Amino acid sequence: MKIFKLVWVLAPLLSVTSALAQERPRLVLQITVDQLRGDLIDRYGAGLGEGGFHRLMRSGVVFANAHHRHANTETIVGHTTLATGADPATHGMVANLWFDRVSGQQFYNVQDQDYPLVGAAGVDASSEIDPTQRAATTDGRSPVNIITSTISDEIALHYGPEVKVFGVSVKDRGAISMAGHAGQAYWFSKAEGRFVTSTFYRPDYPNWMDEWHAKDMVQSYGDTDWALSDLPGDYLFGARDDQAWETDFPGYGRVFPHNFGPADGKYYTTLLTLSPVGDEITVDFAKALMDAEALGQDDTPDFLSVSLSSTDYVGHIFGPSSLEAEDNLRRLDRTLADLLAHVDRQVGLDRTLVVLSADHGAPEHPDYLATLGIEASTFEFDRVDTEPGFVRLQADFGASKDLIENFSNPYLYLDHSVIAERGLDQAEVEAVIAEELENIPGIAHAISSSALRKGEVAAGQISEQILANFHRVRSGDIYIVFEPHWFVADFDGLTVASTHGSPWSYDTHVPIILSGPGIEPARVVRRVETVDVAPTVAAYLGTKPPSGSSGEVLPEVFR
């Protein structure tokens, strides 16, 4: 009986394996939508067409209960987890910014002074929203801080030098993390209004890039608006265009239409990315790359990652429950349909493995939650050292703010030299400060790194998520988790409607969709995790999984 059961289980897998061997995809298209919370496609689905999200959902396996299992749900963390199948504790990208104790400065995840940008002054990573706050710099970019291999690296290793690997995004970290070490990455410089790369990838720009920039697509939006795509009555939030908690970005406003201003305006390129235009530019550039580099034109699988960032920027400024977020998803759906149609014409979707997911979700603004009777608030970390508990600590052993060297959300970095000079015990200081932090309204958990190293943390999901995020060098001394629906609303000095980075489900829940040759359509509601994506792609292609991969192969893809 056991033999018959084994045959019954293995037969479908063997038949699919045989079919995939004959229908090996010519292209792997990995699409990552920044801040696409797992419920948003269904929530706003009535306004979507048939050629974008719905096309993938009809043809592929939809994992409706997919989550990141790490605690710090930020852009680089989620992207790299999808790319590597590893937790940030293993791949090393624990945050968008971490504090570097050697230099005594904050470190941006993909910065690398050894590889300056090609033919460009570049911009500092200190500000994403306001380019005027960025200092001109020759700081470079590379993937060297990603400790493990990525799925794109493994494809290149497996199939050899004929493989072409590219990553494209508005954000440098969105392109670099997915292109891995073996590919080439291109991203949009707001300061220069063009796509750029670094000398890690190549010494100059290809001719097709010059031809694409010569179209002046970026400049063509000058003195135009982001106008509502359909009639207000067709939207869930059609009657709620102006909500008090939305961010009134200078010159952009809280209501439609949102004007981009002149093409030479101070905030022009930033405003483009605070709208669906950011994704439209990215996809148009990706299509030009795909054609010029002849991706998917032979039997050796190529890899193209397209990371779409506008949903994240729009979500930060207006919140996920806003007319802007709803309309952005409609425009994104049309942009996605355009990309899929182009791939179908040039390669054939029947010869393409499409993988769609997101790097994180997003919370609702506390004022919006208040309309539903849910209590929440925003948190100002600058007031922490004035709390009564910290004042008492100062009297006890001088643990005032001078012991706090840096706060890079969610990590608190203590000044180790001050602790040593005062003859204090590092673990004890961490424990006492963590305890006082947990007494502050809005902070749910404060876990010390000493406790994590020793395994002295309470069992539970939150502890497991923090451990998955813990790197012995890059992580701070105390990991702070705010209460559900609480968050720090500061984003590059701007007070925003939403941010992300928590271990709560609204930040961890993302879609996962895989569609390609031999994959039968299905909707799966069991819980899966984003670390499962890379090993599943590896199994599909017959490569080994990335070096740090700890996820499981999703069997529904091989039904």
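Every read-out reported here was derived from the displayed coordinates using simple, explicitly stated rules and does not represent laboratory data. All values reported here derive from a predicted model rather than from experimental measurement. Cβ atoms come from the backbone with ideal geometry, glycine included; neighbour counts cover every protein chain shown.
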Completion exercise
For the range 508-559, shape from the Cα gyration tensor axes a ≥ b ≥ c, cut at a/c of 1.5 then a/b versus b/c, turns out oblate
Practice task
Report the relative contact order of the range 409-456, percent, no decimals, based on alpha-carbon pairs under 8 angstrom and at least 6 residues apart.
Solution key: 27
Exercise for the section: Starting from the amide H of F379, placed 1.01 Å from N in the peptide plane, find each other amide H under 5 Å away whose residue is 5 or more places distant or on another chain. Expected result: F487, V488, A489
Practice task
Can you give me the three principal axis dimensions of the range 381-483 from its C-alpha atoms, in Å, biggest first?
Solution key: 35, 29, 22
Exercise for the section: Select from W208, G542, A191 the residue farthest towards the positive end of the dipole of the chain; place +1 on Cβ of Lys and Arg, -1 on Cβ of Asp and Glu, and compute about the Cα centre. Expected result: G542
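Run the numbers for E464 and R345: contour at 0.36 nm per residue of separation, minus the present Cα-Cα distance, in nm.
Values: separation 119, 0.36 × 119 = 42.84 nm, distance 4.49 nm.
Computed gain between E464 and R345 is 38.4 nm.
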Problem - Approximate shape of the range 177-305 as ellipsoid semi-axes (Cα gyration tensor, √5λ), whole Å, largest first - result: 33, 18, 14
Handout entry: Where labels lie 7 Å past Cα in the beta-carbon direction, separation of S547 and R526 in nm
Key = 3.2
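Return a whole-number percent for the relative contact order of the chain, with Cα pairs under 8 Å and 6 or more residues apart as the contact set. Numbers along the way, then the final one.
Numbers: 1196 pairs, mean separation 165.0, N = 559.
Relative contact order comes out at 30 percent.
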Completion exercise
Most exposed first, judged by fewest Cβ atoms within 10 angstrom, F53, F558 run F558, F53
Fill in the blank from the handout: Checked against a 23 Å limit on the C-alpha separation, the offending pairs among K164/K287; K287/K544; K164/K215; K171/K215; K266/K287; K171/K287 are K287/K544; K164/K215; K266/K287
Exercise for the section: Given the peptides 148-158, 304-314, 509-519, arrange them by the average over their residues of other C-beta atoms within 10 Å, most packed first. Expected result: 304-314, 148-158, 509-519
Practice task
On each of the three principal axes of the Cα atoms of the chain, give max minus min coordinate, whole Å, ordered largest first.
Solution key: 72, 69, 52
Practice task
With a 10 Å radius around each residue's Cβ, average the other Cβ atoms per peptide and rank 453-463, 356-366, highest first.
Solution key: 356-366, 453-463
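Where the only charges are on Cβ atoms (+1 Lys, Arg; -1 Asp, Glu), what is the dipole of the range 209-355 about its Cα centre, to the nearest 20 debye?
260
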Practice task
List the residues whose amide H sits under 5 Å from the amide H of Q30, counting only those 5 or more places along or on another chain, with H placed 1.01 Å from N in the peptide plane.
Solution key: L304, S305, V306, V355
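How far, in nm, would the chain grow between S417 and D298 when pulled straight, counting 0.36 nm per residue and subtracting the alpha carbon separation? Could you put the intermediate results ahead of the total?
Details: separation 119, 0.36 × 119 = 42.84 nm, distance 5.81 nm.
Full extension from S417 to D298 adds 37.0 nm.
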Problem - Between the range 507-559 and the range 198-226, the alpha-carbon center distance in angstrom - result: 34
Fill in the blank from the handout: For the chain, the dipole about the Cα centre with charges only on Cβ (Lys and Arg +1, Asp and Glu -1), to the nearest 20 debye, works out at 1880
Exercise for the section: Report, by chain and number, residues whose modeled amide H sits under 5 Å from the one on V163, excluding near sequence neighbours (fewer than 5 apart, same chain). Expected result: none
